[in-house]
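**Q** Just dropping this structure here.
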Amino acid sequence: MSDQIKSIVEKLNKEPFKKNYNLITFDSLESMQLLQLLNDVLGEIDPKHVVDIREEMPEQTAKRMLSLLGILKYKPPGSITDLSTFRQGLVIGSKPVIHPVLHWLLQRTNELKKRAYLARFLIKLEVPAEFLQDDTMADTNKQYEDLIEAFKNLHKECEQLKTSGFSTAEIRRDITAMEEEKDQLIKRVERLKKRVETVQNHQRMLEIARQLRVEKEREESLAQQKQEQKNQLFHAEQRLQRVQLQLKDMQHAVVDSKPESLMKRLEEEIKFNSYLSSEKFPRELETKKQSLYFLQKVVSEPAMGQSDLSELETKINEVNAQINQLIEKRMMKYEPIDSKFSMYRQQASIISRKKEVKAEELQAAKEEMSNMERQMLQKANQARELDGTEVLKGDEFKRYVNKLRSKNTFYKKKRVEIAEITAEYGILQRTEELLKQRHEAIQQQLQAIEDKKGISGYSYTQEELERVSAAKSEMDEMKGRTLDNMSEMVKKLNAMVADKKSSLAPIIKELRQLRQNCQELTQECDEKKVQYDSCAAGLESNRSTLEQEVKGLREECIQEESCYHHTNCMKKNLEIQLQRAKDEMKTYVSPDPQDRRKAIREQYTRMILEQENLGKKLREKQKAVRESHGPNMKQAKMWQDFEQLMECKRECFLKQQNQTSVGQVIQEGGEDRLVL
């Protein structure tokens, strides 16, 4: 409890309260001061509650605070039976009641501010059903609900924008950068216009470029339309295939069927559909509605802690135990009578469960069949897209199978031939290996003979000499051919260089003169460019200053216009108020009592008198209720005890009657009969 008071004092000493409390001063606050402090905290959360509680009745204050706490989803500590004590403690300003409320409110002020703000717009007004019979009233209520939904969507978008990470500074920087880019683009467009104006037929070229852009846009739109039409055609083909499949299924079903079998099948389908529509679906709908009701009830209640959940579990266990006891009592009471029908009831329940299971299995099989048909259509479409041909069916599929069989026999023959060739290839590889081994053995024998004769390496050197001599002869032939080709090429190149020199001599003379002219023109161009840049910089600075001045003058003009319109509106409002005051004075001063009654002052005085009389009556009624509350509660308690006593007597009488009774007495036609 001390930690709770410490946290309350810390929160109250901070912004926006600044109460400068300590533990002693806070604990010494009186009930009215505590209520005023609680009202100040509630006023910080919802500005509508910023009032002085001394100027209103205690019941009104308690009602207002309870309504706001209900909107904020505050759950008082303790069980549900303590709600009455909570209300009484809130009326009298009890510390054990107000301290937890203050601690709960101060711990989550920002969250509660948001909740109170949303409650002003999202809590719907309860309109009686008889008023909604009127069309205008119903339309107005519908507009009101639509506005609530629009507010919800706008609030969600606002929260998403707040959490998206975009800041106003970044947006302003982006806007300024885009404005600068816009100015640069405008300048570039103006420069390009000036350049284009010097070109001949620039208007015609611009018109042609515009037409080209229009045609490109038209081409893009036509391509988009073409794609859309392709998609539509694809969907239409899919629908056509589904319908064709359904038609074929129906045709296969009708080929070998009789009217009696068709009627029997239709009757079975009708029975199954009627069972689904009359028994299964309504039962599932009822369970869904019940679960939805429970979920809505759970959502509407405030958040629960672990202690609340444990209490609910204990209550559930107690209720289940009571239900089991009642079931056992009922079975003990009615078992001798219902013993004949228990077997039939069990059989009926078993059959109903089997029926439900089979219906669910049939529905699952139908869904699986529809999924398989959908997959088959998708596979057929994929196959058609890949191969460009449709899936074979019927006789075409049989012909395709026969063709595959003939190809299979041909494939087996070729496979046998390949096996024979591979076997022959293995034999040839083996003979090659044997010949290599024999060659190596002969080489070794030859080397041994050379070693004996003292001429080792003779055969190897002889082979190398033969190979080198053959390569040398080939290189000599190649060199001769390349030398001849190179000499011919050199002659051709010399002739071509001489021709080019003779033809380029006059052109080189002209080029020298043109280079001199180009140097002079470049110097003149640089001078003109420097002059142009200086002039353009001066004009640009003058233009920017003039634009700033014009912008400032426009802003001043807009401000003056807004001030003018504001003063005109204020003047009109003051004139209207003055006219109303004059009319009030005329009606208040007029000698006619009928006109004097129409005065606002008289109306308010009458309303004040009526409210004061009503307040007096209500206080007298409250006093009478308080005086009679104790005796009435005592009398109600006595009646409850009397009711429990009578219920106990009734149970004792029933137990005694069950123990003593041997049969059952039936009264019919004024006669009493005993049935054993």
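**Q** Among 16, 76, which is the only one that is modelled with pLDDT under 80, open to solvent by less than 30 Å² (accessible area, probe 1.4 Å) and either part of a loop (DSSP other than H, G, I, E, B) or in contact with a strand residue (DSSP E or B) (Cβ under 6 Å, 6 or more places away or on another chain) (or both)?
**A** The unique qualifying residue is 76.
**Q** If I filter the stretch 518-535 for residues that are open to solvent by less than 90 Å² (accessible area, probe 1.4 Å), within 30 Å of residue 183 (Cβ to Cβ), among the polar types (S, T, N, Q) and under 60 Å from the mean Cα position of the chain (by Cα), do I get at least one hit?
**A** Yes - at least one qualifying residue is present in the stretch 518-535.
**Q** I would also like to ask the following. Go through the stretch 596-633 and give me each residue that's part of a helix (DSSP H, G or I), within 27 Å of residue 583 (Cα to Cα) and of a type outside the set (A, V, I, L, M, F, W, C).
**A** Scanning the stretch 596-633 gives 596, 597, 601, 602, 603, 604, 605, 606, 610, 611.
**Q** Go through the residues of the stretch 570-581 one by one and say whether even a single one is outside any helix (DSSP H, G or I), over 30 Å from residue 191 (Cα atoms) and at pLDDT below 90.
**A** No, the stretch 570-581 contains no residue that is outside any helix (DSSP H, G or I), over 30 Å from residue 191 (Cα atoms) and at pLDDT below 90.
**Q** Let me ask something else about it. Got a number for residues in the stretch 586-595 being outside any helix (DSSP H, G or I) and surrounded by 11 or more Cβ atoms within 10 Å (Cβ to Cβ)?
**A** Number of matching residues: 1.
**Q** Look at residue 460 and say whether it is open to solvent by 100 Å² or more (accessible area, probe 1.4 Å) and within 60 Å of the chain's Cα centre (by Cα).
**A** No, not satisfied.
**Q** Quick check on the stretch 32-55. Is at least one of its residues farther than 23 Å from residue 15 by Cα, among the hydrophobic types (A, V, I, L, M, F, W, C) and in contact with a helix residue (DSSP H, G or I) (Cβ under 6 Å, 6 or more places away or on another chain)?
**A** Within the stretch 32-55, not a single residue is farther than 23 Å from residue 15 by Cα, among the hydrophobic types (A, V, I, L, M, F, W, C) and in contact with a helix residue (DSSP H, G or I) (Cβ under 6 Å, 6 or more places away or on another chain).
**Q** Now for a separate question. Answer yes or no: is there a residue in the stretch 99-106 that is touching a Lys or Arg at 6+ places or on another chain (Cβ under 6 Å), open to solvent by less than 70 Å² (accessible area, probe 1.4 Å), of a type outside the set (Ser, Thr, Tyr) and in contact (Cβ under 8 Å) with a residue 24 or more places away in the chain.
**A** Yes - at least one qualifying residue is present in the stretch 99-106.
**Q** Please specify each residue of the stretch 221-254 satisfying the condition of being open to solvent by less than 80 Å² (accessible area, probe 1.4 Å), within 32 Å of the chain's Cα centre (by Cα) and over 18 Å from residue 371 (Cα atoms).
**A** 221, 231, 234, 236
The values are calculated or read from the model by the stated rules, or taken from the named source; none is laboratory data. Here the structure is a predicted model, which is why all the values come from computation and not from measurement. Neighbour counts are summed over all protein chains in view; Cβ atoms, including those assigned to glycine, are modelled from backbone coordinates with ideal geometry. These area figures cover heavy atoms from the full protein model, side chains too; ligands, DNA and RNA do not enter into them. Shrake-Rupley method; radii C 1.70, N 1.55, O 1.52, S 1.80 Å.
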